[in-house]
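Here's the structure, in structure tokens; my notes come after.
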Amino acid sequence: MADASANGAFVEFERVQKSYDGETLVVKDLNLSMPKGEFLTMLGPSGSGKTTCLMMLAGFETATHGDIRLDGTSINNIPPHKRGIGMVFQNYALFPHMTIAENLAFPLEVRKIGKAKREEKVKRALDMVEMGDFGGRRPAQLSGGQQQRVALARALVFEPELVLMDEPLGALDKQLREKMQFEITDLAHRLGITTVYVTHDQTEALTMSDRVAVFDDGRIQQLAPPDQLYEEPENSFVAQFIGENNTLEGTIKEIKGGLALVQLDDGGLIDCKPINVSEIGQRTRVSIRPERVEFNPARLSDDAHTLKAEVLEFIYMGDIFRTRLRVAGNNDFIVKTRNAPGQVRLKPGEQVEIGWLPEDCRALDAA
Amino acid sequence: MSDLKSTGPQTMDAPTPEDALHEAKALNAEDHRDASGRLVTADGRSLKSSLNRALRLQKARAMMLIAPLLIFVLVTFIAPIASMLFRSVENEIVANTLPLTTDRLESWDATQGELPPEAVFQDLFFDLFLAAEAKEHTKLGTRLNYESTGVSSLFRQSGRRLDDIGEAYQDPLEDLNEAWKEGAVWFELMSGQGQTSDGVVTNQIDRFNKLTSSNLRGDIGFAPSEEIAALLPKTTRAYTAWAVFTVFEDEDVVAAEDPWEAVYAALALDLQSPGAADRIAAYDGPQAELLQEAAANLEILPEADFTAAFLDIDEDWGDINRWETFQVYSPKYTDGYFLNSVDLQKTPDGFEARPENERIYITLFQRTIFMSLVITGSCILLGYPVAWILANLPTRTANLLMILVLLPFWTSLLVRTSAWKVMLQQQGVINDVLVWLGLVGDGSRLVMINNQFGTIVAMTHILLPFMILPMYSVMQTIQPSYLRAAKSLGATNWTAFWRVYFPQSVPGIGAGSILVFILSIGYYITPEIVGGTKGVFISNRIAYHISSSLNWGLAAALGTILFVVVLVLYWAYDKIVGIDNVKLG
Amino acid sequence: MKRTKLLLATSVLTAVGGISFAASHSEMEACEDCANDMTLVSWGGAYQASQTKAYAEPYMEMFPEVSVAWDESSAEAVAKLRAMNEAGNVTWDLVDVVASDAIRLCDEGLAMEIDPDEDLAAAPDGTSAEDDFGDLLVSDCFIPQIVYSTTFGYRTDLVPDGVEPPSDICSVFDLETYPGKRSLEKRPINNMEWALLCDGVAKEDVYDVLETDEGQEQALAKLDTIKDQVVWWSAGADTPQLLADGEVFMGSTYNGRLFSVIEEQDQPVAMMWDAQVFDLDGWIIPEGLPEDRLNRVKHFVKFATDTQRLADQAKYISYGPARESSAPLVGQHAELGIEMGPHMPTDPANATNTFLYNYEWWADYRDDIDAKFQAWLAQ
């Protein structure tokens, strides 16, 4: 490989576009750059282009336009088997006619690595995923979680610098999935591998990644670390897609001192932080996280705007209370409160007043 | 952060109420035990027998459901195969048609180089006489003709002239006393007096049934007395045989009919037997005088020499080889057909190879297997890429192309085969094109039909769908991610195909190969039309023996061998590749 | 000693034309206690069509209540009758078979014996049926219909320049004068005889020679000389097709098939009548028919084999009628309007050199020689 590019990026997408039929773009002007050792997740609904990006990186699809670089070298014209990228597939793609050991030895064999060395590496890889005793079995004799580990070991056994994972945990049950999430991140960080991980499960994305790229409509909507993504969504798609979210529709009345005054459609006024709105009179969608809503106006500043709300439903969930309200014509306004001593338990039909800190309320595009 | 996901599947790890219920029941049952400590049900029956009863009932119900299919399979599949296997060894016709002769022949030693004794010829006369009357002797002739050419015409001609032998005894007796012409007199004489000998009648009815493959029973309105049976044993036997035939075959009344010539011959033999005159003189039953008169005038009857009589009909009866054949093929079961099927023949000394210019079946078996393998191989070569393309195309296109693959099924086999004739013959389409292109001279047109090439081409075409279909259905299940995985692991396209894709498609190849091979090994229409002489299969010979030569025993033996060959190959396939590795879909 | 019964077909149809009978037939009496359905078994094709036109249609015109079903199974008649007999359910009423099959069926008790004078119609001049059919009654069960022959046809356009068209059976074996492929039937019958005839064996000695191993070797050795140039046929339609396609120069088949290729399809093919082999074709009645069906069949057969009906059949196909009394009545082809007489195998001009096929001999030796013949083919 040539020397790394100037900005230290290991994987780079530059103005990449992809179209299958010559009419619509599946990937629109994608730019992405990853440093070495990063764990990056591509998150998005199906059809958002994330898997296509992965396949272009792996070499199974070619970019219609643009450049994909690995360690500073364009790999557009390098066939997949010469890219040296490890890959874990959604259905594991373990070769059913080979034993586990043979599966692991396969990438070493095609690289013409000697038998002794091969066996040693296979053993080490299997031990790494705690599957040392299973070398002689066939994939069909293993459970889903075991197969997943083997697939991981196989993708790592030839020591690639970049590993791609295409929804690898999709077929596992919840407990196993959580366990594997941890194991994969742990392994990736321990070995210092650069990882591109594709999923449509936001929990997985948030728990595992250094950075998450949220895909929609062929574009990256936001590329940020998990906390930033949750707390500071840059547009209403991300706000909606990541975590639970309350939205209220309205119009910008004024923008002053980093705060925007929004008049809701039923006439109520609230203070928000303008994110991607700038003009007076612009339609906006206001986003408030359920746990940032306050029932007790005493905790807010004096001049804070409040809204009247009616309790529709109260759900006891153990650690939290979940209250559904009607606010400004929205019947699905959710509020989560901690089950703390003295916390009020509202009853359906009660009238309450709610408010929030202006910085917790984000005025986003109305799209 | 888990509360971020407001919805999602919840796993239920806690015991469910149903679990508790099961446990409670188990505890309950454990409470009931009989004296020996076995579990019993609430009403005291052993739990095991109770369970068996419940299962039996279920099984019986299940059996009733599949019974129609089971019976169908038994009747239409198992039974014909079993009957075919049986036909290849069955040889009862010899013993059924010539029961006395085959019995007596057992003690004859062919290696002495002498003809069988006179007694054998006498038995042959009575056997053959009855068989000829029942028109069964030609069937036996045809059967033995398979083993020894000329028996067929020998039996046919002899059958026509047996009457002459009998008449030599009938005429003098009738000249001596007109009463011998009377059926009623005969009936009175043979019925005798006192205890009747029913065993003789039963024996003759059995014999008649075996001879004519029928199953008739009942009273024939005649039974000889024990006295007369002891006095005139041969006559009693011949007369009873005639009586049975008269009643069952001609549907006449015994007392009203005149016996046939063989009875007179039998009487003559009885009269001429040593000591007969004294016993007859002492007899006092009905028509004793008539009998005594005949015994007193023995000189009018010609000396019994059936050997000479048969030799007079056809000198072939003096050929020891013929008699050897009869002896070798007397048992009820024979391996003769199987020996024929492998170009061997049976002799009194054991087996020996047939003359070189009659050996044909081993060659045909070898050729059948070889060509079936070539056809299977070419089906694999042609079918694999097609199946691969079909499996990798979008479903819509694949379905459309699949119709093209299946299209040949919709046209008659004969039409397809004849089309190949038009294509391949010397004045055919392919040769015309080659000549037109100048690749082949007009005088040296290629011979592509009426040889093995023609058979292989036409059969490959006809059987190709049977290869493509299982391959396609197996390849469809091979996900593209396997190939991608292989490539991402560093395999070139070829390595990925050969090490990863191909092994997974082997079950399809296996299933297709078994189908194609088994189908082609039993094909005969196509080879018959385009195979000429060198391109025909063993099945063509089977068809020939079934419908032309009518040697069904040989056809059955060939069929059985073919069946066994298929089983052996199947077994070998199982050993080498593993039958689990066969997927039809 | 083997008594051989030779087919003396030449005694029939030696003259065509001449005396003509008043072709009227007396109205047949209605059939009493008769079934109305009949299943007739024949060979299909033009031959069956000629039977339909000459026998079945006129009969059904007289007796409209009768319906006739045809089954084209004559080629497998012996095997199928055997199977029906074993199953105890004979579904056929009247079966068209060649003489050798009739003999076989009769011997096995699968065909019913008939009394020619009682069951068949006498000739118009009063000659009894037995005398009218004469030697052609080769079996007690056989009711002859036609005399046909197996002979050769050749492509007139493929005869080499400056060479006489073939007129001798031995031109089949003469590859130098008449190059090109030949089609022969894929069985030893006829081929072995022709081979011996052309290998210097006298006509009357052929079967005596063929009876010996050396004779069989000799015949096969002669056939060996043309083996590479032979296309073997098994269906009667093969040779006409091969001739029409120009695939073969000459080939053997039934004379009626060649007639159709030459006269009806107008192909450049000509007959070579030399050493044609006569054979017979006729009806047998299966053994074991129920009373009413038997009555109907006997009634039909009496009509279908009378002098006029046999002569009528010759209007549709060039096979000679089996009754001596039918010969003078043979007229013109029903559609082409040509005289059928000269196309009959029995016409004196065609029958200058005929070969007499010996059924009984073949009945005895067929299996034996067939094994050798097939082995030879396979080598």
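Only the coordinates and a few stated rules stand behind these numbers; no lab work does. Since this is a predicted model, take the numbers as computed values, not measurements. Cβ placement follows ideal geometry from the backbone for every residue including glycine, while neighbour counts extend to all protein chains displayed.
Take each of the peptides B:213-219, B:564-570, A:61-67, average the number of other beta-carbon atoms within 10 Å over its residues, and list them starting from the highest.
The most tightly packed comes first, giving A:61-67, B:564-570, B:213-219.
Could you give P(r) for the stretch B:533-585, binned at 5 Å from zero, as whole percent values over all Cα-Cα pairs?
5, 18, 17, 16, 13, 12, 11, 6, 1
With a ≥ b ≥ c taken as the square roots of the eigenvalues of the C-alpha gyration tensor of the stretch B:353-481, please select rounded if a/c is under 1.5 and otherwise prolate if a/b is larger than b/c or oblate if it is not?
oblate
Provide Rg over Rh for the stretch A:271-363; use the alpha carbon set for both Rg and the Kirkwood Rh (inverse mean inverse pair distance).
Over the Cα atoms of the stretch A:271-363, Rg/Rh equals 0.99.
First measure r as the distance between the Cβ atoms of A:S74 and A:E183, then evaluate 1/(1 + (r/R0)^6) with R0 = 41 Å and state the FRET efficiency to the nearest 0.05.
The computed FRET efficiency comes out at 0.75.
Arrange A:K36, C:K315 by Cβ neighbour counts within 10 Å, fewest through most, would you?
The most exposed by this proxy come first: A:K36, C:K315.
At 37 °C and 0.692 mPa s, grab the translational diffusion coefficient of the stretch B:204-310 from Stokes-Einstein with a Kirkwood Rh over Cα pairs, rounded to a whole number in µm² per second.
217 µm²/s
Over 5 Å intervals from 0, what percent of Cα-Cα pairs in the stretch B:361-581 sits in each interval?
Spelled out bin by bin, the stretch B:361-581 gives 1, 7, 12, 14, 15, 15, 13, 10, 7, 4, 2, 0, 0, 0 percent.
I'd like to know how the stretch C:275-379 sits against the 2.2 N^0.38 Å rule of thumb: what's its Cα Rg over that expected value?
Here the Cα radius of gyration is 1.45 times the empirical estimate.
Suppose we keep just the DSSP beta bridges with both residues in chain C; what percent of those would be antiparallel, to 5?
Taking every DSSP beta bridge with both residues in chain C, the antiparallel ones total about 60 percent.
Convex hull over the alpha-carbon atoms of chain B: what's its volume per residue in Å³?
Value for chain B: 336 Å³ per residue.
How large is the helix-only mean residue ellipticity at 222 nm for chain A, computed as the sum of -39500 (n - 2.57) over DSSP H runs with n ≥ 4, divided by its residue count, in deg cm²/dmol to the nearest 500?
Rounded to the nearest 500, it is -7000 deg cm²/dmol.
What value in Å³ per residue do you get for the convex hull of the alpha-carbon atoms in the stretch B:31-87?
Value for the stretch B:31-87: 107 Å³ per residue.
Starting from the Kirkwood radius over alpha-carbon pairs of the stretch B:38-148, derive D by Stokes-Einstein at 4 °C in a medium of 1.567 mPa s and give it in µm² s⁻¹.
The estimated diffusion coefficient comes to 66 µm²/s.
Rounded to two decimals, what is the ratio between the C-alpha radius of gyration of the protein assembly as shown and 2.2 N^0.38 Å?
1.43
Looking only at other chains, what is the average number of their beta-carbon atoms within 10 angstrom of each beta-carbon in B:542-552?
4
Which whole-number percentage describes the relative contact order of the stretch B:99-328, with Cα contacts under 8 Å and a sequence gap of 6 or more?
That works out to 27 percent.
Quick one: length gained pulling C:E176 to C:A69 fully straight, 0.36 nm per residue minus the C-alpha distance?
Difference between extended and current length: 33.5 nm.
Using a 10 Å cut-off around each Cβ, can you sort B:D343, C:D131, C:D37 from fewest to most neighbouring Cβ atoms?
The order, fewest Cβ neighbours first, is C:D37, C:D131, B:D343.
For chain B, what does the relative contact order come out to in percent, with C-alpha contacts under 8 Å and a separation of six or more?
Relative contact order of chain B: 14 percent.
Mind computing the radius of gyration and Dmax over the alpha-carbon atoms of the stretch A:45-114? Å is fine for both.
Cα-based Rg and Dmax for the stretch A:45-114 come out at 14.7, 44 Å.
Given the rule -39500 (n - 2.57) for each run of at least 4 DSSP H residues, summed and divided by the residues of chain C, what is its mean residue ellipticity at 222 nm, to the nearest 500 deg cm²/dmol?
Calculated at 222 nm, the ellipticity per residue is -9000 deg cm²/dmol.
Highest mean first, what order results for C:148-154, B:172-178, B:383-389 on Cβ atoms within 10 Å?
Descending mean neighbour count gives C:148-154, B:383-389, B:172-178.
For a label point 7 angstrom out from the Cα of B:K534 toward its Cβ, which stretches of the stretch B:359-388 have the backbone nitrogen within less than 20 Å?
B:359-378
Can you give the mean number of other chain Cβ atoms that lie within 10 Å of the Cβ atoms in peptide A:317-328?
If you average over the peptide's residues, the count of other-chain Cβ atoms is 1.
From the alpha carbon gyration tensor of the stretch A:1-125, can you work out the equivalent ellipsoid semi-axes (sqrt of 5 times each eigenvalue) and give them in Å, largest to smallest?
The three semi-axes for the stretch A:1-125 are 30, 19, 13 Å.
Can you tell me how much longer the chain between A:D332 and A:E119 gets when fully stretched, taken as 0.36 nm per residue apart minus their C-alpha distance, in nm with one decimal?
70.8 nm
Could you tell me how many degrees, from 0 to 90 and to the nearest 10, lie between the Cα long axis of helix B:151-176 and the main elongation axis, the longest principal axis, of the Cα atoms of chain B?
20 degrees
Taking 0.36 nm per residue of separation and subtracting the Cα-Cα distance, what length does fully extending B:S107 through B:Y570 add?
162.1 nm
At each listed q (0.09, 0.11, 0.15 Å⁻¹), what is the log10 of I(q)/I(0) that the Debye formula gives for the stretch B:99-328 modelled as equal alpha-carbon point scatterers?
With one equal scatterer per Cα and no solvent, log10 I(q)/I(0) is -0.38, -0.57, -1.04.
Ranked by Cβ crowding within 10 angstrom, fewest neighbours first, how are C:D370, A:D29 ordered?
A:D29, C:D370
Return, in residue-number order, each cysteine of chain A whose C-beta is not under 4.7 Å from any other cysteine's C-beta.
A:C53
Report relative contact order for the stretch B:31-87 in percent, whole number only (criteria: Cα-Cα under 8 Å, sequence separation at least 6).
For the stretch B:31-87, the relative contact order is 14 percent.
If each DSSP helix of 4+ residues adds -39,500 (n - 2.57) and the sum is divided by the residues in chain B, what number results at 222 nm, nearest 500 deg cm²/dmol?
Helices in chain B give a 222 nm mean residue ellipticity of -20500 deg cm²/dmol.
Calculate, axis by axis, the spread of Cα positions in chain C along the three principal axes, and write the results as whole Å, longest axis first.
Sorted largest first, the three principal extents are 64, 46, 36 Å.
Over the Cα atoms, compute the radius of gyration (one decimal) and Dmax (the largest Cα-Cα distance, rounded to a whole number) for the stretch A:144-301, in Å.
20.5, 63
Within the stretch A:9-236, how many Lys pairs sit with Cα atoms under 28 Å apart, leaving out pairs fewer than 8 places apart on the same chain?
27
Using the Kirkwood formula over every pair of different C-alpha atoms, what hydrodynamic radius in Å results for chain A?
Final number for the Kirkwood radius of chain A is 23.3 Å.
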